[in-house]
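**Q** Take a look at the following structure, please.
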Amino acid sequence: MTSQTPLVKTPASVRKIGFLDFGIRLSAVILAFVFTSLILLLVKADPLEAYKSIIVGAFGSTIKFTSVVASWVPLVIATSGLLFTFTAGLWNIGMEGQIVFGSIFAVGAFRLLDETGMDPTLVIILVFIAGALGGILWALLPGLMKIYGGVNEIFGGLGLNFVAKTVAIWLIFGPWKRPGVASGSGTEWIDVKFRLANLPGTNLSLTILIIALIIAVLTAIMLKGTHFGLKLKAIGKNDKAAYLLGIPTTRYFLLAFGMCGLFAGIAGAILVTSKQYSLIPDAGFGYGFLGLLVAMLVNYHPIWSSVVAIFFAALSIGNTQLQYMGLNTYFAGVLQGILVLFVVLVDGLRKRLVRRR
Amino acid sequence: MKITLQHIDKSFGKVHANDDINLIIPSGTIQGILGENGAGKSTLMKILTGYYQADSGDILLDDVKVKIASPEDAVMRGIGMLHQDPLDFPPMKVIDNFLLGTKGGLFPKRKDVEKEIVRLSTEFDFQINPDTFVETMTVGERQQLEILRLLWLGVKVLILDEPTTGISANQKEKLFATLVKLAGQGLTVIFVSHKLEEVELLCNRVAVFRQGRLVGEMEPPYSTDQFVYMMFGKSVETGEKTSFCKDDSYIKLNGIGIEDYRLHLKNINLEIKCGEVIGLAGMEGSGQRLFLRMLAGLMRPVSGKILFDEVDFTGKNYLAFQKAGVAYLPASRLEEGLIPGMTLTEHFILSEEHHELFVDQKTAVDLTEERIRAFYIKGTPVSQIEQLSGGNQQRALLALLRNRLRLILMEHPTRGLDIESAIWIWSKMKERCKDCASIVFTSSDLDEILQYSDRILVFFGGLVSPPLDAKSTSVDELGQLIGGKGW
């Protein structure tokens with residue numbers, strides 16, 4: 001290129017757009033906080049006080065901070081999975097159900113292996129594999145329905161979320177009910193020897209932290225550095241052209257769903273082995289939906305999504321502190337939702353503005 | 001209504017689509033607008049119906065200067081257009097399609113409208129039942145429906161854009177009778193077509209367009225030869241004709257039939273020789289695209305066999321065809337050929353087969369720079385593909401072609417390019433022919449087809465001509481065939 005003058009000034013303009021993009025996103029976040037503050041004022045609460053108590057609630061002690069990290073783990077895993085489907089241009093709304101199915105398969109594996117006297121570590125590994133299979137199975141379904149049945153993956157996923165939850169409830173009150181009394185509080189707890197131990201004085205298991213870090217890094221590398229990631233991106237941006245370039249698009253759609261399901265299943269197994277120790281009706285804890293929000297908020301960027309996931313986890317944990325102010329603990333959900341709405345809205349306005357010009 | 005167009009000018013970027021058009025259409029006439037694809041007919045009609053605004057010039061309706069702001073505005077002023085693809089709502093009933101166009105009122109007057117449909121329908125001898133679902137109707141019936149709807153809305157000018165594509169002979173007769181009747185009632189009918197025969201049969205006067213200009217007007221008696229001359233102009237002087245056609249053939253088509261919802265191509269037999277270039281001539285939508293997509297494995301033939309080196313490829317998918325050495329370059333570059341939002345380098349990585357896990361950025365950038373130089377692409381390895389100009393996108397598309405191809409399928413390979421680029425692109429393609437690749441391409445430029453093809457297939461309304469030898473065919477002969485004469 002040295003002999004030729006580049007006639008399209010790409011590098012400069014790209015950098016400029018990137019900077020502008022960041023500024024726009026930041027302003028959207030600020031707007032979201034202003035809007036949330038207005039809501040708080042409306043219910044006669046001091047916004048600054050509320051934000052302060054969220055921060056104290058999230059980072060005020062070791063226990064609290066490690067709780068945030070423990071909550072970040074399934075969130076970042078779910079988000080990582082969703083980055084694969086989003087990159088391929090797919091809206092995997094069924095993520096929540098896929099996590100639930102991971103949990104179902106994990107608890108099922110415990111029930112099978114509980115009495116065998118197998119080494120607990122080996123059992124836990126098998127449970128994780130089972131969870132992964134459950135997640136993959138439940139993720140391939142909307143993929144297959146889309147490819148062979150023409151069902152939009154949003155509707156497929158939405159329906160399968162309900163089915164997954166119903167299956168969990170049926171198991172809890174039916175075949176897997178506690179001896180004597182079936183209860184909405186879940187199935188019987190798994191034996192202590194199968195639970196992942198927390199680091200002393202904290203709420204966090206080192207194992208799950210390592211798994212999450214591996215998955216986050218792996219996702220960033222796969223999406224940014226491999227042919228696989230590049231092909232997914234091509235399909236997401238223009239599947240017709242990608243097909244003409246020689247990419248077997250249906251196979252890659254299914255691979256994206258499969259990767260997402262794999263991570264969903266692992267998240268489900270983590271929730272069973274380190275948080276709930278049983279199957280409960282709300283087995284996904286909303287991490288699938290929250291993951292969608294995080295991914296959208298960062299425009300599907302792997303590294304930024306890990307960072308924003310910390311923020312979201314902190315909101316969810318710090319939130320509990322709000323009840324001392326007489327506020328409902330659903331407030332974090334309000335803030336998270338408003339954040340995403342504003343970012344998406346402002347981004348839409350920006351595009352409209354650019355098109356006008 | 002009398003329509004006067006004064007000095008209408010419209011450009012899209014570098015393309016001068018309408019160049020100082022002056023035309024007066026008196027009321028009660030059937031005005032023919034004749035010309036090749038891309039001659040500027042549709043642009044002018046879209047200006048008249050408010051889809052586009054002219055860059056300069058005036059439109060006068062009954063000698064009053066007007067500004068037509070939108071298609072709705074045009075209908076309100078009494079100008080209605082029947083599009084090539086009917087703009088109705090297939091999953092709804094006929095009556096609902098009518099009601100959608102009505103203004104005001106919370107509850108539509110269903111009964112009244114129903115009566116009107118029946119009345120209009122009998123007046124023109126159409127069989128349109130208000131309770132039929134539109135999706136069950138044929139293209140011809142949907143066209144009748146749209147005419148009725150426009151008349152019901154009170155239009156005084158009816159524009160028809162290539163209305164006879166995809167309708168039966170009987171429906172065509174009925175359509176023509178209707179148009180004559182409407183003109184008799186004082187309506188102005190504008191009939192846009194490339195079919196000489198129809199224009200000659202139907203129109204009171206004809207305006208011929210070529211390359212954005214109105215090149216001539218005629219009234220009966222018409223001379224076909226003069227029409228052809230006006231439509232295609234003189235043949236342009238182009239370089240020496242080269243051919244790398246060899247005797248052995250790699251691809252054989254036996255009794256191929258292809259269908260889509262409006263066209264049925266039947267019993268095509270063809271052997272494509274190594275190094276041969278086959279040009280597909282015909283008006284857009286006459287089946288050339290179907291033929292190319294069939295050859296690419298993107299569309300399954302309903303009958304017959306495709307053989308590559310005597311191996312049956314019928315029913316295999318595009319990826320299998322691609323492995324066998326087939327490449328397909330679609331006309332809509334940014335929709336089908338390239339991926340907006342990705343860089344040139346990313347495109348080159350995707351276009352090659354890779355078996356390693358990680359992307360080797362350095363090699364990829366080197367390859368991209370080499371291709372940028374070889375194909376004179378004005379851009380850098382990190383240029384997003386949509387930032388390139390149309391011509392450079394076309395060069396990029398060609399640069400993405402893999403090595404060792406056996407069959408290259410191209411839709412309008414030089415459309416929108418200047419002559420120099422076009423000649424350059426063909427020199428690149430002929431190099432491929434030297435390496436024994438065969439080329440099948442479509443073009444609306446007859447000179448291009450005659451210049452670069454060894455043989456030519458002409459497509460007309462679902463018919464495919466036997467292969468014509470390009471050396472012994474003239475622009476006039478081709479023009480006649482494309483216009484539906486001499487079949």
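Only the coordinates and a few stated rules stand behind these numbers; no lab work does. Source: prediction; values computed, not measured. Methodologically, a virtual Cβ is constructed for each residue, glycine included, from the backbone with ideal geometry; neighbour enumeration extends over all protein chains shown.
**Q** Given the options B:ASN392, B:PHE291, B:THR138, identify the residue whose Cα lies farthest towards the positive end of the charge dipole of chain B (+1 on Cβ of Lys, Arg; -1 on Cβ of Asp, Glu).
**A** B:THR138
**Q** Another question about this same structure. Using Cα pairs under 8 angstrom and six or more residues apart, how large is the relative contact order of the stretch B:3-232, in percent?
**A** 30 percent
**Q** To continue, here is another question. Roughly how many Å is it from the Cα centre of the stretch A:75-138 to that of the stretch B:254-306, as a whole number?
**A** Cα centroid to Cα centroid, the span is 49 Å.
**Q** Say a paramagnetic label sat at a point 7 Å from the Cα of A:PHE162, along Cα to Cβ; which residues of the stretch A:116-144 have their backbone N under 14 Å from it?
**A** So the set is empty, nothing qualifies.
**Q** Quick check on my link table: of A:LYS52/A:LYS275; A:LYS146/B:LYS305; A:LYS146/A:LYS351; B:LYS10/B:LYS67; B:LYS246/B:LYS316; B:LYS273/B:LYS323, which ones sit more than 24 Å apart, alpha carbon to alpha carbon?
**A** Cα-Cα > 24 Å for A:LYS52/A:LYS275; A:LYS146/B:LYS305; A:LYS146/A:LYS351; B:LYS246/B:LYS316; rest within.
**Q** Show which aspartates and glutamates lie in cross-link reach of B:LYS252 when reach means a straight Cα distance below 14 angstrom and same-chain residues fewer than eight apart are skipped.
**A** B:GLU271, B:GLU276, B:ASP309, B:GLU310, B:ASP312
**Q** Could you work out how far the C-alpha centroid of the stretch A:206-279 sits from that of the stretch B:347-401, in angstrom?
**A** Here the answer is 27 Å between Cα centres.
**Q** Which of the aspartates and glutamates could be linked to B:LYS378 by a straight reach, that is with a Cα gap under 20 Å, when you skip same-chain ones fewer than 8 residues away?
**A** Partners within reach: B:GLU346, B:ASP366, B:GLU369, B:GLU370, B:GLU386, B:ASP418, B:GLU420.
**Q** Report, in order of residue number, the helices in chain A meeting two criteria: a C-alpha extent of 20 Å or more along the helix axis, and a mean Kyte-Doolittle hydropathy of at least 0.0; treat each whole DSSP H run as one helix. Write down the numbers at each step before the final one.
**A** On the way: long enough: A:10-42 (47 Å, 1.55); A:62-87 (36 Å, 1.40); A:95-113 (27 Å, 1.34); A:120-149 (42 Å, 1.85); A:153-173 (29 Å, 1.50); A:206-225 (28 Å, 2.59); A:249-271 (33 Å, 1.54); A:302-318 (24 Å, 1.85); A:331-356 (37 Å, 1.15).
Length and hydropathy pass: A:10-42, A:62-87, A:95-113, A:120-149, A:153-173, A:206-225, A:249-271, A:302-318, A:331-356.
**Q** I would also like to ask the following. Sticking with the crude label model, points 7 Å out along Cα→Cβ, report the distance from B:ARG213 to B:VAL180 in nm, one decimal please.
**A** Spacing of the two 7 Å Cα→Cβ label points: 3.6 nm.
**Q** So what's the angle, to the nearest 10 degrees on a 0 to 90 scale, between helix B:361-374 and the longest Cα principal axis of chain B?
**A** Result, in degrees: 70.
**Q** Another question, then. Compute, for the protein assembly as shown, the length of the dipole vector about the Cα centre, with Cβ point charges of +1 (Lys, Arg) and -1 (Asp, Glu) only. Units Debye, rounded to 20.
**A** 2000 debye
**Q** Could I ask something else about it? For chain A, modelled as a Gaussian network with Cα springs under 10 Å, which listed residue fluctuates most, A:ALA78, A:ALA109, A:ALA139?
**A** Ranking A:ALA78, A:ALA109, A:ALA139 by mean-square fluctuation puts A:ALA109 first.
**Q** Also, I was wondering about something else. Compute the distribution of all C-alpha to C-alpha distances in the stretch B:109-250, in bins of 5 Å from 0, and list the percent of pairs in each, rounded to whole numbers.
**A** Here the calculated profile for the stretch B:109-250 is 2, 7, 15, 16, 14, 11, 9, 7, 6, 5, 3, 2, 1, 1, 0.
**Q** Using only DSSP helix segments of four residues or longer, with each worth -39500 (n - 2.57), what per-residue ellipticity at 222 nm results for chain B after dividing by its residue count and rounding to 500? Don't jump to the answer; show the numbers that get you there.
**A** Details: 16 runs with 158 residues, N = 487.
Computed mean residue ellipticity for chain B: -9500 deg cm²/dmol.
**Q** Which of rounded, prolate or oblate describes the stretch B:282-367 when judged by the alpha-carbon gyration tensor and an a/c cut-off of 1.5?
**A** Oblate shape, in that a/c is at least 1.5 and b/c is the bigger or equal ratio.
**Q** What does the charge dipole of the stretch B:344-401 about its Cα centre add up to, to the nearest 20 debye, if the Cβ of each Lys and Arg holds +1 and the Cβ of each Asp and Glu holds -1?
**A** Roughly 360 debye, rounded to the nearest 20.
**Q** Same structure, new question: With an 8 Å cut-off on Cα pairs and a minimum separation of 6 or more residues, tell me the relative contact order of chain B in percent.
**A** The normalised contact order for chain B reaches 15 percent.
**Q** Less than 14 Å apart at the alpha-carbon level, and either on another chain or at least 8 residues along: which aspartates and glutamates does that give for A:LYS165?
**A** A:GLU96, A:ASP282
**Q** Put a dot 7 Å past each Cα toward the Cβ at B:MET92 and B:ASN22; how far apart are the dots in nm?
**A** 4.4 nm
**Q** Among B:ASP435, B:ASP131, B:ASP19, which comes first, then next, by fewest other beta-carbon atoms within 10 Å? Before the final figure, lay out each step's value.
**A** Details: B:ASP435 13, B:ASP131 10, B:ASP19 16.
The order, fewest Cβ neighbours first, is B:ASP131, B:ASP435, B:ASP19.
**Q** Using alpha carbons only, what's the Rg to Rh ratio of the protein assembly as shown with Rh from Kirkwood? The partial results should precede the final answer.
**A** Values: Rg = 32.9 Å, Rh = 31.6 Å.
Radius of gyration relative to Kirkwood radius: 1.04.
**Q** For the stretch B:344-401, rounded, prolate or oblate, judged on the Cα gyration tensor with a ≥ b ≥ c (square roots of eigenvalues), a/c < 1.5 rounded, else prolate if a/b > b/c?
**A** On the way: a/c = 1.96, a/b = 1.86, b/c = 1.05.
Verdict is prolate for the stretch B:344-401.
**Q** A follow-up question, please. Quick one: length gained pulling A:VAL151 to A:SER185 fully straight, 0.36 nm per residue minus the C-alpha distance?
**A** Gain in length upon complete extension: 8.8 nm.
**Q** Related question: Compute for the stretch B:3-232: radius of gyration divided by Kirkwood radius, i.e. Rg/Rh, restricted to C-alpha atoms, rounded to two decimals.
**A** 0.97
**Q** Continuing with the same structure: With +1 on the Cβ of every Lys and Arg and -1 on the Cβ of every Asp and Glu, and nothing else charged, how large is the dipole of the stretch A:73-285 about its Cα centre, in debye rounded to the nearest 20?
**A** Details: 14 positive and 9 negative charges, 110 e Å.
Charge dipole of the stretch A:73-285: 520 debye, to the nearest 20.
**Q** How large is the direction-averaged shadow of the alpha-carbon convex hull of chain B, in nm²?
**A** Convex hull of Cα atoms, orientation-averaged projection: 25.6 nm².
**Q** Within a Cβ distance under 14 Å of B:GLN185, other residues only, what is the Lys/Arg minus Asp/Glu net charge?
**A** +1
**Q** Just add up the charged neighbours of B:THR4: K/R +1, D/E -1, any other residue whose Cβ is under 10 Å from the Cβ of B:THR4. Numbers along the way, then the final one.
**A** Working: positive: B:LYS2, B:LYS65; negative: B:ASP58, B:ASP62, B:ASP63.
So the environment of B:THR4 carries a net charge of -1.
**Q** Quick check on my link table: of A:LYS240/B:LYS428; A:LYS64/A:LYS224; A:LYS240/B:LYS266, which ones sit more than 30 Å apart, alpha carbon to alpha carbon?
**A** On the way: A:LYS240/B:LYS428 26 Å; A:LYS64/A:LYS224 34 Å; A:LYS240/B:LYS266 27 Å.
Table pairs above 30 Å Cα-Cα are A:LYS64/A:LYS224.
**Q** OK, next. Hey, fewest Cβ within 10 Å first, where do B:TYR452, B:TYR261 land in order? Walk me through the intermediate numbers first.
**A** Working: B:TYR452 26, B:TYR261 8.
With the fewest neighbours first, B:TYR452, B:TYR261 line up as B:TYR261, B:TYR452.
**Q** Based on other C-beta atoms within 10 Å, arrange B:GLU116, B:GLU310 from fewest to most.
**A** Least to most surrounded, the residues fall as B:GLU310, B:GLU116.
**Q** May I pose another question? Going by Cα centres, the stretch A:301-357 and the stretch B:1-62 are how many Å apart?
**A** About 52 Å separates the Cα centre of the stretch A:301-357 from the one of the stretch B:1-62.
**Q** Near B:ARG395, within a Cβ-to-Cβ distance under 11 Å, what is the net charge of the other residues, with Lys and Arg +1 and Asp and Glu -1?
**A** Cβ neighbours under 11 Å give a net charge of +4.
**Q** Let a ≥ b ≥ c be the square roots of the eigenvalues of the Cα gyration tensor of chain A; is it rounded (a/c under 1.5), or, if not, prolate (a/b larger than b/c) or oblate?
**A** Working: a/c = 1.88, a/b = 1.24, b/c = 1.51.
Because a/c hits 1.5 or more and a/b fails to exceed b/c, chain A counts as oblate.
**Q** Find which of B:THR122, A:LEU48, B:ILE8 sits farthest along the positive direction of the dipole of the protein assembly as shown, computed with +1 on the beta-carbon of Lys and Arg, -1 on that of Asp and Glu, about the Cα centre.
**A** Of the options given, the answer is A:LEU48.
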